[in-house]
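See below for the structure under consideration.
The values are calculated or read from the model by the stated rules, or taken from the named source; none is laboratory data. These figures come from a predicted structure and were not determined experimentally. Cβ sites come from the backbone with ideal geometry, for glycine too, and all protein chains shown count toward neighbours. For the accessible areas, the whole protein counts, side chains as well, though only heavy atoms, and no ligand, DNA or RNA atoms are used. Shrake-Rupley method; radii C 1.70, N 1.55, O 1.52, S 1.80 Å.
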Amino acid sequence: MKAMLLRGPNTPFELVDVPDPVAGPGEAVARVITCGSGLTIQHVKAGRRQIRFPRIIGHEITGEIVAVGAGVSHLAVGDAVTAYFYLNCGHCRWCLANLEPLCTTPGGNVGLECDGGYAEYMKLPAHIFIQLPETLDYKANPAEIGVITDALATPYKVLRRASIAPGETVAVIGAGGGLGIHQVMMAKWANARVIAVDTASDKFGACRKAGADLTIDPRGIDLAAALRDATGGHGVDVVVDYVCTTATLGAGFNSLGRRGRLVILGGAAQPFQAAAREMLQKEIAVLGSRYVTRAEILATFDIVARREVWPLVTEVRPLVEAEALHERVERGAVTGRAALRIA
Ligand SMILES: [Zn+2]
(Lines give C-alpha, C1' and ligand atoms only; values in the text may rest on other atoms or scores of the structure.)
Protein backbone atom coordinates (compact mmCIF):
# COMPACT_ATOMS: atom_id res chain seq x y z
CA MET A 1 0.00 0.00 0.00
CA LYS A 2 0.96 3.63 -0.34
CA ALA A 3 1.73 5.44 2.90
CA MET A 4 3.09 8.81 4.00
CA LEU A 5 5.98 7.93 6.27
CA LEU A 6 7.83 10.06 8.80
CA ARG A 7 11.36 8.77 9.40
CA GLY A 8 12.14 11.20 12.20
CA PRO A 9 11.21 14.51 13.79
CA ASN A 10 11.54 17.58 11.59
CA THR A 11 11.78 15.55 8.40
CA PRO A 12 9.51 15.78 5.36
CA PHE A 13 6.94 13.11 4.66
CA GLU A 14 8.09 10.33 2.36
CA LEU A 15 5.60 8.57 0.09
CA VAL A 16 6.48 4.87 0.34
CA ASP A 17 5.16 1.48 -0.65
CA VAL A 18 4.86 -0.80 2.37
CA PRO A 19 3.19 -4.21 2.83
CA ASP A 20 -0.56 -4.10 3.45
CA PRO A 21 -1.35 -4.63 7.14
CA VAL A 22 -2.76 -8.04 8.04
CA ALA A 23 -5.36 -8.43 10.79
CA GLY A 24 -4.14 -10.70 13.58
CA PRO A 25 -6.35 -12.10 16.35
CA GLY A 26 -8.46 -9.34 17.88
CA GLU A 27 -7.49 -6.85 15.17
CA ALA A 28 -9.16 -5.30 12.15
CA VAL A 29 -7.95 -3.49 9.04
CA ALA A 30 -9.72 -0.52 7.48
CA ARG A 31 -9.35 1.10 4.09
CA VAL A 32 -8.78 4.79 4.88
CA ILE A 33 -10.90 7.30 2.96
CA THR A 34 -9.85 10.53 4.70
CA CYS A 35 -7.69 11.49 7.66
CA GLY A 36 -7.68 14.79 9.57
CA SER A 37 -4.50 16.89 9.69
CA GLY A 38 -4.56 18.69 13.02
CA LEU A 39 -2.02 20.35 15.27
CA THR A 40 -1.76 17.30 17.55
CA ILE A 41 0.00 15.33 14.84
CA GLN A 42 1.89 18.36 13.52
CA HIS A 43 3.47 18.60 17.01
CA VAL A 44 4.92 15.13 16.36
CA LYS A 45 6.13 15.99 12.88
CA ALA A 46 7.80 19.14 14.22
CA GLY A 47 9.48 17.22 17.04
CA ARG A 48 7.57 18.93 19.86
CA ARG A 49 6.19 15.58 20.98
CA GLN A 50 8.52 12.60 21.12
CA ILE A 51 7.53 9.30 19.54
CA ARG A 52 9.39 6.36 17.98
CA PHE A 53 10.07 6.58 14.27
CA PRO A 54 9.49 5.58 11.51
CA ARG A 55 5.77 6.24 11.89
CA ILE A 56 2.64 6.70 9.80
CA ILE A 57 0.73 9.41 11.67
CA GLY A 58 -2.97 10.36 11.63
CA HIS A 59 -6.00 9.36 13.69
CA GLU A 60 -9.10 11.33 12.60
CA ILE A 61 -10.17 8.82 9.99
CA THR A 62 -13.18 7.79 8.01
CA GLY A 63 -12.79 4.29 6.62
CA GLU A 64 -14.33 0.95 5.78
CA ILE A 65 -13.39 -2.37 7.35
CA VAL A 66 -11.74 -4.70 4.82
CA ALA A 67 -10.59 -7.51 7.12
CA VAL A 68 -11.16 -8.75 10.66
CA GLY A 69 -8.93 -11.12 12.62
CA ALA A 70 -9.85 -14.17 14.64
CA GLY A 71 -12.13 -13.54 17.59
CA VAL A 72 -13.56 -10.25 16.30
CA SER A 73 -17.34 -10.41 16.38
CA HIS A 74 -18.53 -6.79 16.57
CA LEU A 75 -17.03 -5.65 13.25
CA ALA A 76 -17.61 -7.00 9.75
CA VAL A 77 -16.12 -6.33 6.34
CA GLY A 78 -17.81 -3.27 4.85
CA ASP A 79 -18.57 -1.55 8.15
CA ALA A 80 -18.02 2.21 8.08
CA VAL A 81 -15.72 3.22 10.90
CA THR A 82 -13.69 5.94 12.52
CA ALA A 83 -11.06 5.48 15.22
CA TYR A 84 -10.82 6.24 18.91
CA PHE A 85 -7.60 8.21 19.49
CA TYR A 86 -6.42 6.41 22.63
CA LEU A 87 -5.23 2.82 22.53
CA ASN A 88 -7.13 2.11 25.74
CA CYS A 89 -7.14 -1.40 27.21
CA GLY A 90 -10.92 -1.84 27.34
CA HIS A 91 -11.01 -3.71 30.64
CA CYS A 92 -9.46 -1.66 33.48
CA ARG A 93 -11.80 -0.02 36.02
CA TRP A 94 -11.71 3.29 34.14
CA CYS A 95 -12.46 1.72 30.76
CA LEU A 96 -15.28 -0.29 32.36
CA ALA A 97 -16.63 2.95 33.84
CA ASN A 98 -16.81 4.45 30.32
CA LEU A 99 -13.99 6.85 31.18
CA GLU A 100 -11.55 5.51 28.61
CA PRO A 101 -9.22 8.56 28.52
CA LEU A 102 -8.27 7.70 32.12
CA CYS A 103 -7.26 4.10 31.26
CA THR A 104 -4.54 2.95 33.67
CA THR A 105 -2.84 0.64 31.15
CA PRO A 106 -2.96 2.69 27.97
CA GLY A 107 -1.01 1.73 24.91
CA GLY A 108 -0.52 5.28 23.69
CA ASN A 109 -2.31 6.93 20.79
CA VAL A 110 -3.39 5.90 17.30
CA GLY A 111 -0.93 7.25 14.77
CA LEU A 112 1.67 7.99 17.45
CA GLU A 113 2.45 4.71 19.23
CA CYS A 114 1.08 2.62 16.33
CA ASP A 115 0.71 3.43 12.64
CA GLY A 116 -2.26 5.58 11.70
CA GLY A 117 -4.31 6.98 8.89
CA TYR A 118 -1.86 8.58 6.44
CA ALA A 119 -1.96 5.37 4.41
CA GLU A 120 -4.32 3.38 2.22
CA TYR A 121 -4.98 0.89 5.02
CA MET A 122 -4.61 0.91 8.78
CA LYS A 123 -4.68 -1.86 11.34
CA LEU A 124 -5.87 -1.43 14.92
CA PRO A 125 -7.07 -3.52 17.82
CA ALA A 126 -10.69 -4.08 16.73
CA HIS A 127 -12.18 -2.35 19.81
CA ILE A 128 -10.42 0.90 18.86
CA PHE A 129 -12.51 1.21 15.69
CA ILE A 130 -15.87 2.91 16.24
CA GLN A 131 -18.69 2.07 13.84
CA LEU A 132 -20.32 5.07 12.21
CA PRO A 133 -24.10 5.28 12.54
CA GLU A 134 -26.15 5.06 9.35
CA THR A 135 -27.42 8.58 10.04
CA LEU A 136 -24.00 9.98 9.06
CA ASP A 137 -23.45 10.08 5.29
CA TYR A 138 -19.74 9.29 5.39
CA LYS A 139 -19.52 8.76 1.66
CA ALA A 140 -20.73 12.29 0.92
CA ASN A 141 -18.75 13.97 3.73
CA PRO A 142 -15.85 11.71 4.71
CA ALA A 143 -13.50 14.49 5.85
CA GLU A 144 -16.13 16.11 8.09
CA ILE A 145 -17.26 12.80 9.58
CA GLY A 146 -13.65 11.71 10.17
CA VAL A 147 -12.71 14.67 12.36
CA ILE A 148 -15.68 14.32 14.70
CA THR A 149 -13.83 11.96 17.06
CA ASP A 150 -11.37 14.65 18.07
CA ALA A 151 -12.08 18.14 16.71
CA LEU A 152 -15.75 18.13 17.64
CA ALA A 153 -16.15 15.47 20.34
CA THR A 154 -13.35 16.87 22.53
CA PRO A 155 -15.17 20.25 22.76
CA TYR A 156 -18.48 18.43 23.36
CA LYS A 157 -16.94 16.66 26.34
CA VAL A 158 -15.92 20.06 27.79
CA LEU A 159 -19.59 21.09 27.93
CA ARG A 160 -20.23 18.16 30.24
CA ARG A 161 -16.97 18.35 32.19
CA ALA A 162 -17.64 21.98 33.09
CA SER A 163 -21.44 21.58 33.39
CA ILE A 164 -21.98 24.50 31.03
CA ALA A 165 -25.54 25.78 31.36
CA PRO A 166 -27.62 27.89 28.95
CA GLY A 167 -27.03 31.60 29.45
CA GLU A 168 -23.58 31.21 30.97
CA THR A 169 -20.62 33.09 29.54
CA VAL A 170 -17.89 30.86 28.12
CA ALA A 171 -14.51 32.25 27.06
CA VAL A 172 -12.49 30.08 24.69
CA ILE A 173 -8.74 30.79 24.71
CA GLY A 174 -7.20 29.68 21.41
CA ALA A 175 -10.59 30.03 19.71
CA GLY A 176 -9.04 30.38 16.27
CA GLY A 177 -7.42 26.93 16.39
CA GLY A 178 -8.84 23.70 15.02
CA LEU A 179 -10.24 22.59 18.37
CA GLY A 180 -10.96 26.11 19.61
CA ILE A 181 -13.29 27.03 16.78
CA HIS A 182 -15.25 23.83 17.32
CA GLN A 183 -15.41 24.71 21.04
CA VAL A 184 -16.98 28.02 20.05
CA MET A 185 -19.56 26.10 17.98
CA MET A 186 -20.28 23.66 20.76
CA ALA A 187 -20.60 26.34 23.46
CA LYS A 188 -23.04 28.22 21.21
CA TRP A 189 -24.93 24.96 20.64
CA ALA A 190 -25.22 24.74 24.45
CA ASN A 191 -26.82 28.21 24.40
CA ALA A 192 -23.93 29.92 26.14
CA ARG A 193 -22.68 33.44 25.43
CA VAL A 194 -19.31 32.86 23.80
CA ILE A 195 -16.18 35.03 23.91
CA ALA A 196 -13.46 34.01 21.46
CA VAL A 197 -9.90 34.84 22.56
CA ASP A 198 -7.03 34.47 20.12
CA THR A 199 -3.93 36.27 18.93
CA ALA A 200 -4.80 35.31 15.33
CA SER A 201 -7.25 38.12 14.72
CA ASP A 202 -7.56 36.99 11.08
CA LYS A 203 -9.63 34.08 12.47
CA PHE A 204 -12.15 36.35 14.19
CA GLY A 205 -14.54 36.34 11.23
CA ALA A 206 -14.63 32.54 11.33
CA CYS A 207 -15.04 32.63 15.12
CA ARG A 208 -18.08 34.92 14.80
CA LYS A 209 -19.50 32.68 12.09
CA ALA A 210 -18.99 29.72 14.44
CA GLY A 211 -21.06 31.52 17.08
CA ALA A 212 -18.78 33.88 19.00
CA ASP A 213 -20.63 36.89 20.43
CA LEU A 214 -17.42 38.76 21.13
CA THR A 215 -13.79 38.43 20.06
CA ILE A 216 -10.74 39.56 22.05
CA ASP A 217 -7.14 39.80 20.88
CA PRO A 218 -5.15 39.49 24.14
CA ARG A 219 -1.94 41.03 22.78
CA GLY A 220 -0.91 44.12 24.71
CA ILE A 221 -3.92 44.16 27.01
CA ASP A 222 -4.85 42.78 30.44
CA LEU A 223 -6.89 39.77 29.30
CA ALA A 224 -8.43 39.05 32.71
CA ALA A 225 -9.59 42.67 33.01
CA ALA A 226 -10.98 42.61 29.45
CA LEU A 227 -12.94 39.43 30.19
CA ARG A 228 -14.29 40.85 33.46
CA ASP A 229 -15.30 44.03 31.61
CA ALA A 230 -17.07 41.93 28.99
CA THR A 231 -19.25 40.45 31.72
CA GLY A 232 -20.14 43.72 33.42
CA GLY A 233 -17.59 43.01 36.14
CA HIS A 234 -19.23 39.73 37.22
CA GLY A 235 -16.54 37.54 35.75
CA VAL A 236 -16.72 34.69 33.25
CA ASP A 237 -18.55 31.48 34.17
CA VAL A 238 -16.28 29.13 32.23
CA VAL A 239 -12.86 29.63 30.65
CA VAL A 240 -11.77 26.86 28.27
CA ASP A 241 -8.03 27.13 27.66
CA TYR A 242 -6.61 25.37 24.59
CA VAL A 243 -3.32 27.29 24.84
CA CYS A 244 -2.44 26.69 28.53
CA THR A 245 0.60 28.91 28.94
CA THR A 246 1.35 30.37 32.36
CA ALA A 247 -0.05 33.67 31.04
CA THR A 248 -3.32 32.35 29.58
CA LEU A 249 -4.07 30.11 32.57
CA GLY A 250 -3.39 32.97 34.99
CA ALA A 251 -5.56 35.37 33.02
CA GLY A 252 -8.28 32.75 32.65
CA PHE A 253 -8.32 32.06 36.37
CA ASN A 254 -8.36 35.75 37.27
CA SER A 255 -11.27 36.42 34.91
CA LEU A 256 -13.60 33.93 36.61
CA GLY A 257 -16.65 34.99 38.58
CA ARG A 258 -18.42 33.17 41.39
CA ARG A 259 -18.71 29.42 40.77
CA GLY A 260 -16.39 29.93 37.79
CA ARG A 261 -14.68 26.97 36.14
CA LEU A 262 -11.30 26.94 34.40
CA VAL A 263 -10.94 24.01 31.99
CA ILE A 264 -7.42 22.90 31.07
CA LEU A 265 -7.13 21.11 27.71
CA GLY A 266 -3.42 20.71 27.20
CA GLY A 267 -1.62 23.02 24.80
CA ALA A 268 1.62 24.12 26.42
CA ALA A 269 0.42 22.75 29.80
CA GLN A 270 2.65 25.19 31.71
CA PRO A 271 2.40 25.68 35.49
CA PHE A 272 0.41 28.63 36.82
CA GLN A 273 -0.53 30.18 40.13
CA ALA A 274 -4.06 30.10 41.49
CA ALA A 275 -5.08 31.99 44.63
CA ALA A 276 -6.52 29.53 47.16
CA ARG A 277 -8.44 32.27 48.97
CA GLU A 278 -10.15 33.32 45.76
CA MET A 279 -10.95 29.70 44.90
CA LEU A 280 -12.54 29.34 48.32
CA GLN A 281 -14.42 32.61 48.40
CA LYS A 282 -15.80 32.31 44.86
CA GLU A 283 -16.08 28.49 44.87
CA ILE A 284 -13.93 28.33 41.77
CA ALA A 285 -13.07 24.97 40.17
CA VAL A 286 -10.03 24.14 38.06
CA LEU A 287 -10.71 21.12 35.83
CA GLY A 288 -8.55 19.03 33.55
CA SER A 289 -10.38 17.66 30.52
CA ARG A 290 -8.67 14.84 28.69
CA TYR A 291 -9.86 13.88 25.16
CA VAL A 292 -13.35 12.34 25.17
CA THR A 293 -15.13 9.14 26.07
CA ARG A 294 -16.66 6.81 23.48
CA ALA A 295 -20.13 7.55 24.83
CA GLU A 296 -19.51 11.25 24.23
CA ILE A 297 -18.30 10.50 20.69
CA LEU A 298 -21.57 8.68 20.01
CA ALA A 299 -23.51 11.66 21.39
CA THR A 300 -21.50 13.97 19.12
CA PHE A 301 -22.33 11.75 16.11
CA ASP A 302 -26.02 12.31 16.86
CA ILE A 303 -25.61 16.09 17.09
CA VAL A 304 -23.85 16.11 13.70
CA ALA A 305 -26.39 13.70 12.16
CA ARG A 306 -29.13 16.17 13.13
CA ARG A 307 -27.03 18.95 11.54
CA GLU A 308 -27.17 20.96 14.75
CA VAL A 309 -23.40 21.37 14.54
CA TRP A 310 -21.29 20.67 11.48
CA PRO A 311 -17.51 20.09 11.49
CA LEU A 312 -15.57 22.92 9.88
CA VAL A 313 -13.21 21.33 7.34
CA THR A 314 -11.91 24.01 4.99
CA GLU A 315 -9.11 22.22 3.15
CA VAL A 316 -9.03 18.69 1.76
CA ARG A 317 -5.92 17.66 -0.18
CA PRO A 318 -4.75 14.38 -1.70
CA LEU A 319 -2.31 12.28 0.33
CA VAL A 320 0.61 13.32 -1.88
CA GLU A 321 0.16 16.93 -0.69
CA ALA A 322 0.59 16.08 3.00
CA GLU A 323 3.80 18.08 3.29
CA ALA A 324 2.28 21.27 1.87
CA LEU A 325 -0.81 20.87 4.03
CA HIS A 326 1.25 20.40 7.20
CA GLU A 327 3.23 23.52 6.40
CA ARG A 328 -0.07 25.40 6.50
CA VAL A 329 -1.10 23.69 9.76
CA GLU A 330 2.28 24.67 11.29
CA ARG A 331 1.79 28.32 10.27
CA GLY A 332 -1.73 28.42 11.70
CA ALA A 333 -3.00 29.19 8.20
CA VAL A 334 -5.83 26.64 8.28
CA THR A 335 -9.25 27.72 9.49
CA GLY A 336 -10.97 24.87 11.33
CA ARG A 337 -9.63 21.52 10.25
CA ALA A 338 -7.71 20.29 7.24
CA ALA A 339 -7.80 16.70 6.00
CA LEU A 340 -6.13 14.39 3.52
CA ARG A 341 -8.15 12.44 0.97
CA ILE A 342 -6.68 8.98 0.59
CA ALA A 343 -9.27 6.87 -1.25
ZN1 LIG B 1 -8.26 0.64 30.45
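How much net charge surrounds Gly36 when only other residues with a Cβ under 9 Å from its Cβ are counted (Lys, Arg +1; Asp, Glu -1)? Walk me through the numbers before you get to the answer.
Values: positive: Arg337; negative: Glu60, Asp150.
Around Gly36, the charge tally is -1.
Using a 1.4 angstrom probe on the protein heavy atoms only, could you order Thr105, Thr248 from most to least accessible area? Spell out each step's value before the answer.
Numbers: Thr105 85, Thr248 25 Å².
Result of the area sort, largest leading: Thr105, Thr248.
Using the per-residue mean of other Cβ atoms lying within 10 Å as a proxy for protection, in what order, highest first, do the peptides 281-287, 35-41, 121-127 fall? Walk me through the intermediate numbers first.
Working: 281-287: 14.7, 35-41: 26.7, 121-127: 23.0.
Top to bottom by mean Cβ count within 10 Å: 35-41, 121-127, 281-287.
If you build a Gaussian network model of the chain, linking Cα atoms that sit under 10 Å apart, which residue out of Gly220, Gly24, Gly252 swings the most?
Evaluated over the chain, the most mobile residue of the options is Gly220.
What's the angle, to the nearest 10 degrees (0 to 90), between helix 178-189's Cα axis and the longest principal axis of the chain?
Rounded to the nearest ten degrees, it is 60.
HN-Hα J couplings of segment 264-279 from phi, Karplus 6.51/-1.76/1.60, θ = phi - 60°, integer Hz, Gly and Pro as x?
9, 10, x, x, 6, 6, 7, x, 8, 9, 10, 7, 4, 5, 5, 4
Let me know the charge dipole size of segment 241-343 about its Cα centre in debye, to the nearest 20, where only the beta-carbon of Lys, Arg (+1) and Asp, Glu (-1) is charged. All intermediate terms of the calculation are to be shown ahead of the outcome.
Numbers: 14 positive and 11 negative charges, 71 e Å.
Dipole about the Cα centre, nearest 20: 340 debye.
For the chain, what's the radius of gyration and Dmax over Cα atoms, in angstrom?
20.0, 62
Over the chain, what is the percentage of antiparallel beta bridges among all DSSP beta bridges, to the nearest 5? Don't jump to the answer; show the numbers that get you there.
On the way: 27 of 54 bridges.
So the antiparallel bridges in the chain amount to around 50 percent.
Of Phe272, Gly177, Ala97, which is farthest towards the positive pole of the chain's charge dipole, taken about the Cα centre with +1 and -1 on the beta-carbons of Lys, Arg and Asp, Glu respectively?
Farthest along the dipole direction, towards plus: Phe272.
Less than 13 Å Cβ to Cβ from Arg55, Lys/Arg counted +1 and Asp/Glu -1: what total charge do the surrounding residues give?
Summing Lys/Arg as +1 and Asp/Glu as -1 gives +1.
Of the GluC sites (Glu not before Pro) in segment 297-342, which ones lie in a loop per DSSP and count no more than 14 other C-beta atoms within 10 Å? Kindly include the intermediate steps, with their values, before the conclusion.
Details: sites: Glu308, Glu315, Glu321, Glu323, Glu327, Glu330; in loops: Glu308.
Qualifying residues, ordered by number: Glu308.
Between Asp79 and residues 5 or more places away or on another chain, which pairs have amide H atoms under 5 Å apart, with H built 1.01 Å from N, and which residues are they?
Excluding prolines and chain starts, which carry no amide H, the hits are Ile65.
If you add up the charges near Gly288, with Lys and Arg at +1 and Asp and Glu at -1, over every other residue whose beta carbon is less than 14 angstrom from its beta carbon, what do you get?
Values: positive: Lys157, Arg160, Arg161, Arg261, Arg290; negative: Asp241.
Within the 14 Å Cβ shell, the charges total +4.
What list of ³J(HN,Hα) couplings, whole Hz, do you get for segment 206-213 from phi and the Karplus terms 6.51, -1.76, 1.60, once you set θ to phi - 60° and write x for glycine and proline?
5, 5, 5, 4, 6, x, 5, 8
Before rounding to the nearest 500, sum -39500 (n - 2.57) across all DSSP H runs of length at least 4 in the chain and divide by the residue total; then give [θ] at 222 nm in deg cm²/dmol.
Working: 11 runs with 88 residues, N = 343.
After summing the helix terms and dividing by the residues of the chain, the value is -7000 deg cm²/dmol.
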